[in-house]
Structures are given as structure tokens and as C-alpha cells.
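Reading through the C-alpha cells given below for one structure.
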Amino acid sequence: MQRITILGATGSIGVSTLDVLARHPDKYKVYALTAHSRVDELAAQCEQFRPARAVVGTAAAADQLSALLRAKGLRTEVEFGEAALCAVAASADTDTVMAAIVGAAGLAPTLAAARAGKKILLANKEALVMSGQLFMDAVHESRATLLPIDSEHNAIFQSLPQSYARSPKGAGVAKILLTASGGPFLARAVETLDAVTPEQACKHPNWVMGRKISVDSATMMNKGLEVIEAHWLFGAPASQIEVVIHPQSVIHSMVSYVDGSVIAELGHPDMRTPIAHALAFPERIESGVGQLDLTAIGTLQFEKPDYKRFPCLALAFEALEAGGTAPALLNAANEVAVQAFLEHRIGFRDIDRVIARVMHENDHGAASSIEAVMAQDARARGAAEAIVAGTRQ
Ligand code: NAD
Ligand code: MG
């Protein structure tokens, strides 16, 4: 029995993970579930999966959850706050941690799981973007197992040899081809992008996801974060990572080898496939996702990304090249700008303007410690909030 902690159980990835787990009660047992504020949903999940522990964001939410669980006659222990998140991620009573909190809030518990040598199923790409080298060092020092959940990185992982040892050198890899759908605004006239609404931005053509990553997909910052994620996961320099727009999202990414071979993973755009893959690795389990019928799809298209349409993608490459805490700066400015856009405080094209200004007006030093990264994160958030406050929609 694998004992699982799900950080961010009420989110899109959390719910898909529970969907897969429910299909295999003989193989997996839920140890802990966490959510920020959606207490009713977490209570329903606790009733179905009977975890030993549940964690929420605040004392008030914990009281609310405790009352709901008591009324159902459940004995799940209820805690709140970051220290409790870290404790359920690092507990000796859990084997596997699904890291599915969105944004920088996921860094501390994901890192706690890494330091405790857990099997980590990584959806929370922001944690890796912020702390790349430090996070990978923690994984290697404690012999944790890191398996990518992001569909592209899971596809790349599946397309690399199992003996792959942290670098494209020696494995005959020429390039990692990271596919991108292009999001909802791939074909929209660039001059009209300023006028798009959060609702339009969150309407992804292929994937159903949380609101933050949906906006990131519309700006293509999501692909930018994924370039940085691929750099750390697979030890590839920026020059060996190429973004290819593929609007159908059937090919989830590819690896191109020096002999001309290209290996890809294909499937329906449904996160239960990479989740099931990582849960069962190196075995395979049923995920609830149907078989792919290529004849029903008919055509697969590819094109180069346009950096004028998607300046966030260029900013992410710039942050990766700059190194140090530059990716943490990029990530924090993006989180603030996306939230401001979702709250109608700035327009869609202000997102890249805010990030560019934060990146170009602030120094980025070495990412020498997690404390240094978190300090940079806080500085960048302050700078981004000030720019947002001065931006009229
Ligand atoms: P979501 O918004 O649907 O869910 C986020 C989860 O995090 C919720 O359970 C929420 O309670 C929790 N959370 C939010 N803020 C928190 C905080 N401050 N402290 C503690 N918990 C907090 O997001 P999602 O779409 O499931 O994405 C989760 C992560 O997975 C993101 O990093 C995203 O980039 C990544 N990801 C998602 C998908 C997808 O298909 N949804 C695909 C690839 C990668
Ligand atoms: Mg992805």
C-alpha cells in the first residue's frame, strides 16, 4: 500500500488525483489531504477517503472543518498553516506526496517532502522555478524520487531512456521539444488582446485547469515556467529546449535525438494520464482516460511561437539565462500580475508589462539559500503591487 499526501487536494490536480486513487483502493491509501479555504469540499473528500490528517489555511477554517468532520463521525486530525503542511508532507507515515498547491505557497511543503526523501509527484512547477538548484540538491541529497506531473514534463520523462542521468550529454539527446497549445488567444488579433476578460482568458481550448494556470496558458507564461522546469528536471540548457506550438495538445512533448529520431508521448489532454503514470511508475495502472483514436483527430498541426504575441515566453527565457534569483523574481511578479488581472485591476497586456518592469528594475542576486529566494520573492511582490497600483485599466 502506497500512503499518499495530497497538497492542494481541492484543486484541479488534487481532484484528478483522487479520481485515479478511487479506482485503485487496493494499491493506495490517502494519508493526508490539504486545502486552503474550500472547507466543504475538503470535508466531503475526507468522508470519502478517510485520511488520518487534514490541513487548511487558517484557524477559523480548521474550526469549521473540525465541526463538519465531527458531525460526520470522522476522526481525521485537523491542523492549519504552513508548519502543518510541511509536517504532513514529511511525515514518516506517508510515502508519496502529490505537490499540487498553486504558486509559491507550495514551495515550503514541497521542499519538506524533498528533504524527507519522499516520492514527490510534482505539479507545483512554481516551486521548482523559484528554487531550481536548491530544490534539486535537496532531492538528490535525501534520495527523494521526483516524478513530473506537468503533462509536458511527464511526456519528456517517458520519452527519455530510463537510464537518463540528469543531463542530455551522453544520452544522445539533441533537443527537448516542449509542445504548447498556444492557449485561447493564439489566433486573436494582437491589438485586441488588451480588451480580453478573465473569463475569456480562463477558457482554455483543450484543458480544464485552475484559474492561475489558465491565465498563464493564455499569456504563455505557463510555457515559460515549463521551460525553466524542464531545465531543472532534465539538466538541459535553454539552448536545448525548444517550444513548439501544437494547438491540438495530443502530443504532450517530444525528445529529439542526435540520430534524427524523435520520441513523443501522445494522449487525450486529461491530467489523469500523467498522474496515473507517476503514481504507478514504473508499472502502469488504469486512469479512467480513454484510448486515443488518431483517425478521429485526423490532423496534427505545429507552428513556431510568436514572441510579440507572447512576450511572457521571452521574459521566462531571459530569466533562465540570467539565473540566480531571476526566475523567482519572474514567478512572483507573474503571480501578483495574474491575480490583479483576475480581479479586474489591470488589463491582460499589463501582465507582461508588470513582469518586465519588475525584472528590469530590480537586481537579482545569487539563489544561495531558500531564505534568499523567499526574500527576493517578497521584494518582487512588493515591486509588482506598486506597479499594479500605478496602472489604470
Ligand atoms: P487550483 O487553483 O485548481 O488548485 C490549487 C490548490 O492549492 C487548491 O487545493 C487550493 O486549496 C490550494 N492552495 C491555493 N493557495 C494556497 C495557499 N496559499 N496555501 C495552501 N494551499 C493553497 O490549481 P491547479 O490547476 O490544480 O494547479 C495546481 C498546480 O499544478 C499549479 O502549480 C499548476 O501550475 C500545476 N499544474 C496544473 C495543471 C492542471 O491541469 N490543472 C497541469 C499542469 C500543472
Ligand atoms: Mg503543462
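Descriptive notes on the structure:
- Helical contribution to [θ] at 222 nm, DSSP H n ≥ 4, -39,500 (n - 2.57), averaged over the chain, rounded to 500: -14000 deg cm²/dmol
- Sequence-separation-based contact order of the stretch 323-389, relative, with Cα cut under 8 Å and 6+ spacing, percent: 50 percent
- For the chain, the spread of Cα positions along the three principal axes, ordered from largest to smallest, is 57, 52, 43 Å.
- Under-5 Å amide H pairs with Leu146, H placed in peptide plane, nonlocal only: Ile120
- Applied to the stretch 342-351, the Karplus parametrisation 6.51 cos²θ - 1.76 cosθ + 1.60 on θ = phi - 60° returns per-residue 3J(HN,Hα) values of 4, 8, 6, 8, 9, x, 4, 6, 5, 4 Hz, with x for Gly and Pro.
- Computed from point charges on the beta carbon alone (+1 for Lys and Arg, -1 for Asp and Glu), the dipole magnitude for the stretch 2-148 about its Cα centre is near 360 Debye.
- Mean separation of Cα contacts under 8 Å (6+ apart) over length of the stretch 78-193, as relative contact order %: 19 percent
- Listing Thr34, Thr110, Thr192 from fewest to most neighbouring C-beta atoms within 10 Å gives Thr192, Thr34, Thr110.
- Structural descriptor for the chain: relative contact order 15 percent, calculated from alpha carbon pairs under 8 angstrom and at least 6 residues apart.
- GluC sites (Glu not before Pro) lying in DSSP loop within the stretch 206-310, provided at most 11 other Cβ fall within 10 Å: Glu283, Glu286
- Pair-distance distribution P(r) for the stretch 94-223, from all Cα-Cα distances in 10 Å bins starting at 0: 11, 35, 32, 17, 5, 0 percent.
- The Cα-based radius of gyration and maximum Cα-Cα distance (Dmax) for the stretch 323-389 are 11.5, 36 Å.
- The residue among Gly365, Ala59, Leu160 whose Cα reaches farthest toward the positive pole of the charge dipole of the chain, with charges on the beta-carbon of Lys, Arg, Asp and Glu, is Ala59.
- For the stretch 1-98, the list of trypsin sites (Lys or Arg not before Pro) that fall in a loop by DSSP and count at most 10 other C-beta atoms within 10 angstrom reads Arg75.
- The phi-based Karplus calculation (6.51 cos²θ - 1.76 cosθ + 1.60; θ = phi - 60°) puts the 3J(HN,Hα) values of the stretch 334-340 at 5, 4, 5, 5, 5, 4, 5 Hz, whole numbers, x for Gly and Pro.
- For the stretch 301-314, 3J(HN,Hα) computed residue by residue from phi via the Karplus equation (6.51, -1.76, 1.60; θ = phi - 60°) reads 10, 9, 8, 7, x, 9, 5, 6, 6, 10, x, 4, 5, 5 Hz, glycine and proline entered as x.
Read the figures in this text as sums done on the coordinates, not as results from a lab. Here the structure is a predicted model, which means the values were calculated and not measured. Neighbour counts are summed over all protein chains in view; Cβ atoms, including those assigned to glycine, are modelled from backbone coordinates with ideal geometry.
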